[in-house]
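In what follows, a structure is listed as structure tokens, so that the remarks can point back to it.
The values are calculated or read from the model by the stated rules, or taken from the named source; none is laboratory data. Worth saying up front: this structure is predicted, and the values here are computed from it rather than measured. Cβ placement follows ideal geometry from the backbone for every residue including glycine, while neighbour counts extend to all protein chains displayed.
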Amino acid sequence: MYKFLSISSKSNSLIRRHQTLSSLSNPSNYFKNQAGSKISSGTPNGYSYYHPFNQNFCFLWSQGGFKRFFSSGYVPNGSNLRRLDGRGSGVVNGRLFVRGFCSENSREAMEYDVVIVGAGPAGLAAAIRLKQLCRDKDVDFSVCVVEKGAEVGAHIISGNVFEPRALNELLPNWKQEEAPISVPVSSDKFWFLTKDRAFSLPSPFNNKENYVISLSQLTRWMGVKAEELGVEIYPGFAASEILYDANNNVIGIATNDMGIAKDGYKKDTFQRGVELRGRITLLAEGCRGSLSEKIIKNYKLREKSHAQHQTYALGIKEVWEIDESKHKPGTVIHTLGWPLDHKTYGGSFLYHMNDRQIALGLVVALNYHNPFLSPYHEFQKLKHHSAIKQLLEGGTVIQYGARTLNEGGFQFSLEEQLLDVQLAF
Ligand SMILES: Cc1cc2nc3c(=O)[nH]c(=O)nc-3n(C[C@H](O)[C@H](O)[C@H](O)COP(=O)(O)OP(=O)(O)OC[C@H]3O[C@@H](n4cnc5c(N)ncnc54)[C@H](O)[C@@H]3O)c2cc1C
């Protein structure tokens with residue numbers, strides 16, 4: 001254990017996080033998970049991930065004095081603890097830390113300048129930019145990101161054609177810093193499918209100088225960059241509640257309680273959530289975030305901007321490993337038509353990534369008229385189309401997932417912006 005600690009706390013080595021919510025609730029599971037896999041070669045996506053939580057938690061537990069640990073995952077270790085008074089309040093890393101230990105009815109809280117919900121591209125880009133501004137202006141604002149996936153990137157399923165313009169501005173050295181962006185688009189096809197045939201149409205897209213990437217890998221890499229700049233990332237914890245002050249101003253979020261049985265009974269492993277209070281709270285939950293919906297409702301943001309209602313689509317995606325001879329890295333194909341009928345908005349995508357992998361998916365707008373339509377079964381049909389089947393034959397599915405996308409667009413469905421900036425750079 002100490003060997004693991006000394007490696008993780010002193011070096012910049014990336015160590016894959018193995019703990020899950022259940023292993024966090026049960027420290028012995030956590031240690032079992034760590035045993036024999038102290039430094040992993042990486043995730044299935046090829047990226048390792050490490051979070052300082054591991055070292056802090058291990059440190060406290062190994063000291064034997066802590067029967068309960070902080071459900072935020074962030075606990076003070078010997079070096080960063082400056083003052084902790086008898087009641088458990090104190091200052092950690094210069095931050096106010098209210099209440100020291102979990103108890104059944106109270107929550108501990110930590111104060112940050114900026115609390116960000118969601119470690120997707122938006123949340124991490126915001127965190128990185130804030131820290132860059134701090135560096136430029138020689139100020140030190142604390143920024144934390146809470147992510148409900150077990151690790152950064154775990155909930156990002158987009159196999160993606162990526163336009164690097166924004167990344168060029170944010171992290172101009174991404175090539176030298178080995179961002180997982182290595183497959184330039186080499187061909188861009190657009191097909192109209194009927195049941196038996198594929199008709200080639202001129203592509204409405206311009207994917208010149210874009211890349212085929214795994215967005216999950218890119219967010220993992222961005223997570224590492226954010227941590228290098230001093231952002232604290234807490235994966236494995238969902239923000240489940242918005243905190244308001246007496247004047248109905250947002251003052252942060254609280255993470256979910258853990259260890260509650262299906263019938264609502266508190267198990268032995270029960271852990272109260274933690275409050276992360278921020279001078280600014282930034283919601284970057286992605287499509288139809290649960291807290292974002294609450295905020296939109298509470299402040300009537302749609303009504304205020306006379307925004308149209310948001311519309312959504314469902315994207316179902318599989319990653320296949322296919323035969324080397326059929327694999328052409330950088331090939332991009334989008335399709336319209338079959339298996340969807342002419343009343344249903346949607347289409348498919350097929351991107352050749354590296355390592356013999358392709359991302360294949362179907363996006364179906366969720367305003368379809370036919371109540372019996374099953375996007376999953378339409379996707380199964382798509383894979384049997386003659387133009388696609390021949391590519392998949394002999395291949396293996398290695399990942400799959402589904403996720404909703406906003407379809408409403410920037411121009412019609414954008415709510416009133418809620419901005420109450422109190423940070424001064
Ligand atoms: C199948 C599919 C294919 C796509 N293809 C492309 C493409 O080719 N090119 C392209 O540019 N875009 C594509 N997109 C869209 C792209 O994925 C999104 O635009 C992008 O991911 C949005 O980034 P985001 O950071 O706003 O949200 P997300 O990527 O959704 O990230 C939000 C993060 O917040 C976390 N989170 C949410 N709620 C909470 C909470 N309460 N507490 C803690 N954490 C929370 C989530 O786990 C997630 O990690 C595709 C999307 C899908 C689904």
* Residue list for region 262-281, restricted to those being surrounded by fewer than 21 Cβ atoms within 10 Å (Cβ to Cβ), assigned to a loop (DSSP other than H, G, I, E, B) and charged (D, E, K, R) -> Lys262, Asp263
* Out of the residues in region 221-255 that are within 16 Å of the ligand (Cβ to nearest atom) and out of contact with any strand residue (DSSP E or B) (no Cβ under 9 Å at 6 or more places or on another chain), state the one that is farthest from Gln399 (Cα to Cα). => Lys225
* Structure fact -> Checked pairs for region 268-286, first farther than 24 Å from Ala122 by Cα, second part of a loop (DSSP other than H, G, I, E, B) and hydroxyl-bearing (Ser, Thr, Tyr), C-beta under 9 Å and 6 or more apart or across chains, list as Gln271/Ser71; Arg272/Ser71; Arg272/Ser103; Arg272/Ser106; Gly273/Ser71; Gly273/Ser72
* Asked: Using beta carbons and a limit of 7 Å, which pairs, at least six apart or on different chains, have the first residue in region 305-323 and farther than 18 Å from Leu405 by Cα and the second one buried (at least 20 other Cβ atoms within 10 Å of the Cβ) and modelled with pLDDT under 95?
  -> Val319/Gly159
* To do: Collect the residues in region 333-345 that are within 20 Å of Asp188 (Cα to Cα) and buried (at least 21 other Cβ atoms within 10 Å of the Cβ), keeping them in residue-number order.
  => Ile333, Thr335
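Looking at region 397-412, is at least one residue within 14 Å of the ligand (Cβ to nearest atom), under 25 Å from Ile213 (Cα atoms) and buried (at least 20 other Cβ atoms within 10 Å of the Cβ)? Full working, then the answer.
Within region 397-412, the first condition is being within 14 Å of the ligand (Cβ to nearest atom), and the residues that meet it are 399-410.
In the following step, the residues that additionally are under 25 Å from Ile213 (Cα atoms) were identified as 399-410.
Those left that are additionally buried (at least 20 other Cβ atoms within 10 Å of the Cβ): none.
Among the residues of region 397-412, not one is within 14 Å of the ligand (Cβ to nearest atom), under 25 Å from Ile213 (Cα atoms) and buried (at least 20 other Cβ atoms within 10 Å of the Cβ), which makes the answer no.
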* Is there any pair linking a residue in region 229-253 that is in the same structural domain as Tyr112 (by TED's automatic domain parsing) to one that is hydrophobic (A, V, I, L, M, F, W, C) and more than 16 Å from the ligand (Cβ to nearest atom), with Cβ under 6 Å and at least six apart or on different chains, and which? -> Leu243/Ile251; Asp245/Ile251
* Asked: Exactly one of (1) among the small types (Gly, Ala, Ser); (2) away from the ligand (no atom under 16 Å from the Cβ); (3) free of Cβ contacts under 8 Å to residues at least 24 places away in the same chain is unmet by Gly347. Its number?
  -> (2)
* Leading residue by the ranking (farthest from the chain's Cα centre (by Cα)) among those in region 136-170 that are away from the ligand (no atom under 15 Å from the Cβ), part of a loop (DSSP other than H, G, I, E, B) and surrounded by fewer than 20 Cβ atoms within 10 Å (Cβ to Cβ) -> Asp138
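For Gly259, state whether it is within 30 Å of Ala150 (Cα to Cα), under 25 Å from the mean Cα position of the chain (by Cα) and not in a strand (DSSP E or B).
No.
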* Read through the list (1) closer than 20 Å to Gly149 by Cα; (2) in a strand (DSSP E or B), then give the number of the only condition that Phe237 fails. => (2)
